[in-house]
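J.: My structure is below; once you've seen it, I'll send some questions.
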Amino acid sequence: MVKCNVCQLSIENPLYVSENNLSITSLCEIYPQETEVFFCHHCGHLQTTEINNIAEYYDQTYKILIDTEEEDQLYKVIESKKIFRIDHQVQVLLEKLTLPENSLMLDYGCAKSATLKKLVQNRPDITPHLFDVSEMYIPFWETFAKPENWSTYFLKPEWHEYFDLVTSFFSLEHVVDPRAMLCKIQELLKPGSFFYCIVPNIYTNTADFVVLDHVNHFSETSLQFLLEDIGFQSITIDADAHYGSFVIVAQKPHLPVKTSSPLVVKQNVEAIYTKAMEMANYWEVISNKVTEFEEKHKNAKQSAIYGSGFYGTFIATCLKDLDRVKYFIDQNPYRQGKSLFGKPIIAPSELSDEIQVIYVGLNPQTASSSIESIDCWKGRNHLYFNL
Ligand SMILES: [Zn+2]
């Protein structure tokens, strides 16, 4: 039995437990622990049992995109124009908020804080502040913020009701106690100012279900419950502005308001539960699907995995004979030239003719359009495995 991270009521049994003791983290690394996912029938929240030694994991191990200053994740490709995630995040933030001149901003749980860095390039009047539970990002912070404006491990007492905006980009899903984090953020905000947050939307990005270090898989219902219960108002949750994510804006009231426990619509929770069960079932059968395809095409020449991110890694862990995979293929130039499981990551144009079988390791909702965007593969007799 566990306690819901959002409404704090008890949850009896897990909805999903992984087949083996190997799980995948959000950085596409293998972690020796099973994945257990629980559903809360009161507030519609899904949550995963946290990583053992979670504090040490974020302090020492978790290194998101730390290889180079410029490295970024590909957000989408429109007519062969590549749009990167950070640029998109800055654009959406500026569309959603009117930031006053000379705003004081804090990026909470910020890692490199590439979004804030890019934002202050557009808006040099904004003073950036940074907070994380690791010191490994300080070399990045030094490139755009002053040392007195960042803090590691502990929040500065002078930051009480200090900020015009607190942001959190893909952080709340990692936190075992999101209520405590939001309470702290409320204390940091000036009355009437805003909290801006992006978290994954598991209901449009199914992979999130089996990401071990995503402790929280929010639904719109559980996010609304959490923010209301902490005392935020004017809450908007946008499921369309950033693919596979919820973009949240919430205001700290000008005066503290005493709230009763938020109301939850029972039918909404049951509809979420149906989707959650479908996802649990999907991940239970998918590894069998990979190995069945592998067995059926075992006489084919060498194969490749298209996509070196989460889905590609997941397929690699399912295959019985990874030696027959020659490459990973990725459209992201920051991934090309690297390796995964000892296999080179190449551009689509570098794929040799001997490869017949391609395992498509992409989000199923975008996979076919991604394949169609590769002109040099047109007319080739590839045999695709689709998730
Ligand atoms: Zn709950």
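J.: For the stretch 230-387, what is the accessible area per residue in Å², given a 1.4 Å probe and the full set of protein chains?
T.: Spelled out: the 1.4 Å probe surface of the stretch 230-387, per residue, equals 52 Å².
J.: What is the log10 of I(q)/I(0) for the stretch 74-257, computed with the Debye formula using one identical point scatterer on each Cα and no solvent, at q = 0.09, 0.12, 0.14 Å⁻¹?
T.: Result of the Debye calculation: -0.30, -0.55, -0.77.
J.: Please report the antiparallel percentage of DSSP beta bridges with both residues in the stretch 160-284, rounded to the nearest 5.
T.: Close to 65 percent.
J.: Which value, in debye to the nearest 20, gives the size of the charge dipole of the chain about its Cα centre, when Lys and Arg are +1 and Asp and Glu are -1 at the Cβ?
T.: Dipole size: approximately 520 debye.
J.: Relative to the compact globular guide of 2.2 N^0.38 Å, what is the alpha carbon radius of gyration of the stretch 297-386, as a ratio?
T.: The value comes to 0.97.
J.: Taking the Cβ-Cβ separation of E34 and E95 as r and a Förster radius of 51 Å, what is the calculated FRET efficiency to the nearest 0.05?
T.: Values: r = 41 Å, r/R0 = 0.80.
FRET efficiency, E34 to E95: 0.80.
J.: Can you work out D for the chain in µm² s⁻¹ from Stokes-Einstein, where Rh is the Kirkwood radius over C-alpha pairs, the temperature is 10 °C and the viscosity is 1.306 mPa s?
T.: Details: Rh = 22.3 Å.
Once the numbers are plugged in, D ends up at 71 µm²/s.
J.: Right, something else. How would M105, M136 rank on accessible area, largest to smallest, probe 1.4 Å?
T.: Details: M105 0, M136 40 Å².
Sorted descending by solvent-accessible area, the residues read M136, M105.
J.: Sticking with this structure for a sec: For a Förster distance of 25 Å, can you work out the FRET efficiency between the beta-carbons of Y384 and I54, rounded to the nearest 0.05?
T.: Numbers: r = 38 Å, r/R0 = 1.52.
Computed FRET efficiency for Y384 and I54 comes out at 0.10.
J.: Here's another thing I want to ask about it. Under a Cβ-Cβ limit of 4.7 Å, which cysteines in the chain have nobody to pair with?
T.: C28, C110, C183, C197, C318, C376
J.: Same structure, new question: When DSSP beta bridges are limited to those with both residues in the chain, what percentage is antiparallel, rounded to the nearest 5? Mind dumping the intermediate values first?
T.: Working: 28 of 60 bridges.
For the chain, the DSSP antiparallel bridge percentage is about 45.
J.: Taking a point 7 angstrom from the Cα of V2 along the C-beta vector, which residues in the stretch 165-197 have backbone N less than 14 Å away?
T.: Counting only backbone N, you get 173-178.
J.: Using R₀ = 51 Å, calculate the FRET efficiency as 1/(1 + (r/R₀)^6) where r is the Cβ-Cβ separation of C376 and K258; round to 0.05. Display every interim value, and only then the final one.
T.: Numbers: r = 63 Å, r/R0 = 1.23.
For R0 = 51 Å, the calculated efficiency reads 0.20.
J.: Just list whichever of K112/K252; K289/K320; K76/K343; K118/K156; K117/K190; K338/K378 have alpha carbons separated by over 18 Å in the model shown. Write out the running numbers ahead of the final one.
T.: On the way: K112/K252 26 Å; K289/K320 12 Å; K76/K343 24 Å; K118/K156 24 Å; K117/K190 22 Å; K338/K378 25 Å.
Pairs exceeding the cut-off: K112/K252; K76/K343; K118/K156; K117/K190; K338/K378.
J.: Antiparallel as a % of all DSSP beta bridges within the stretch 74-257, to the nearest 5?
T.: Details: 15 of 32 bridges.
Antiparallel bridges make up about 45 percent of those DSSP assigns within the stretch 74-257.
J.: Once the piece of chain linking I78 and S339 is laid out straight, how much longer is it, given 0.36 nm per residue of separation minus the C-alpha distance between them?
T.: Working: separation 261, 0.36 × 261 = 93.96 nm, distance 2.62 nm.
Full-extension gain reported as 91.3 nm.
J.: Here's another thing I want to ask about it. Given a 1.4 angstrom probe, I'd like the percentage of the accessible area of the chain that is carbon and sulfur, rounded to a whole number. It would help to have the intermediate numbers written out before the result.
T.: Values: 9070 of 18070 Å².
Carbon and sulfur together cover 50 percent of it.
J.: Follow-up. If I model a spin label as a point 7 Å beyond the Cα along the Cα-Cβ vector, how far apart are those points for I235 and K266 in nm?
T.: With each label placed 7 Å out from Cα toward Cβ, I get 2.1 nm.
J.: By how many nm would the segment from L155 to E187 lengthen if fully extended, with 0.36 nm per residue of separation less the alpha-carbon distance?
T.: Working: separation 32, 0.36 × 32 = 11.52 nm, distance 1.06 nm.
Residue separation times 0.36 nm, minus the Cα-Cα distance, leaves 10.5 nm.
J.: Measuring with a 1.4 Å probe in the full set of protein chains, what accessible area per residue, in whole Å², belongs to the stretch 96-189? The partial results should precede the final answer.
T.: On the way: 3960 Å² over 94 residues.
Computed with neighbouring chains in place, this is 42 Å² per residue.
The values are calculated or read from the model by the stated rules, or taken from the named source; none is laboratory data. These numbers were taken from a predicted model, which means no experiment stands behind them. With ideal geometry, Cβ positions are generated from the backbone for all residues, glycine too; neighbour counts draw on all protein chains shown. Please note that ligands, DNA and RNA were not included when accessible areas were found on the heavy atoms of the full protein model with its side chains. Shrake-Rupley method; radii C 1.70, N 1.55, O 1.52, S 1.80 Å.
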